[in-house]
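Scroll down for the structure; my scribbles are underneath it.
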Ligand SMILES: [Cu+2]
């Protein structure tokens, strides 16, 4: 019995050491993103850093209409169709088919984020944080960088964080593909 206990303790120790090494090796996976508008013009860039509890999204944007604008994680990493309004980026990253809305009792979907607040000069610098997704995959946080990637999409209107399917966010006005850092 005592031997079993010691073996169990040893296994926990090995697991802790291996676990710690694993965390260190994967510490803070990063990705970058560059946005274009419907004319294909550059409207800024950002960095995504995946920490132990969620993803920090650091954005520095320009050329956007002032006011509150919705931004979401869309399921497909494609912004090749500005003329068509970035529909190729698909719907929100939402593998479990949850309702949209950070404030919806049946939500949120995994792509939901707070609104951007764009200044009068069309710029916005912001750090967003989401615990609903990961870059490469984490428990309870689906991967943005899966086989078809993901995009951040900015909409023409604000997100009311409640109504379906996208909180009244309106057309897509800017899009950026998330690229893993090598
Ligand atoms: Cu969206």
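The values are calculated or read from the model by the stated rules, or taken from the named source; none is laboratory data. Everything quoted here is computed from the prediction, not taken from an experiment. Neighbour counts are summed over all protein chains in view; Cβ atoms, including those assigned to glycine, are modelled from backbone coordinates with ideal geometry.
Among the residues of region 144-159, those identified as assigned to a loop (DSSP other than H, G, I, E, B) and in contact (Cβ under 8 Å) with a residue 40 or more places away in the chain are 144, 145, 148, 149, 150, 156, 157, 158, 159.
Counting residues in region 125-143 that are free of Cβ contacts under 8 Å to residues at least 40 places away in the same chain, in a strand (DSSP E or B) and in contact with a strand residue (DSSP E or B) (Cβ under 7 Å, 6 or more places away or on another chain) gives one or more. Entry remark, region 77-109: residues being within 12 Å of the ligand (Cβ to nearest atom), part of a loop (DSSP other than H, G, I, E, B) and closer than 21 Å to residue 32 by Cβ number 3 in total. Candidates in region 60-76 are the residues that are within 15 Å of the ligand (Cβ to nearest atom) and in a strand (DSSP E or B); of these, the one that is farthest from residue 36 (Cα to Cα) is 68. Against the test of being at pLDDT 95 or above and closer than 16 Å to residue 173 by Cα, the options 149, 90 yield a single qualifying residue, 90.
The requirement of being under 13 Å from residue 57 (Cβ atoms), more than 11 Å from the ligand (Cβ to nearest atom), modelled with pLDDT of 95 or more and surrounded by fewer than 19 Cβ atoms within 10 Å (Cβ to Cβ) is fulfilled somewhere in region 118-125, by at least one residue. Scanning region 150-182 for residues that are within 18 Å of residue 55 (Cα to Cα), more than 11 Å from the ligand (Cβ to nearest atom) and in contact with a strand residue (DSSP E or B) (Cβ under 6 Å, 6 or more places away or on another chain) returns 150, 176, 177, 178, 179, 180, 181. May I ask you to say which residue of 173, 166 is buried (at least 19 other Cβ atoms within 10 Å of the Cβ) and part of a loop (DSSP other than H, G, I, E, B)? Residue meeting the stated conditions: 166.
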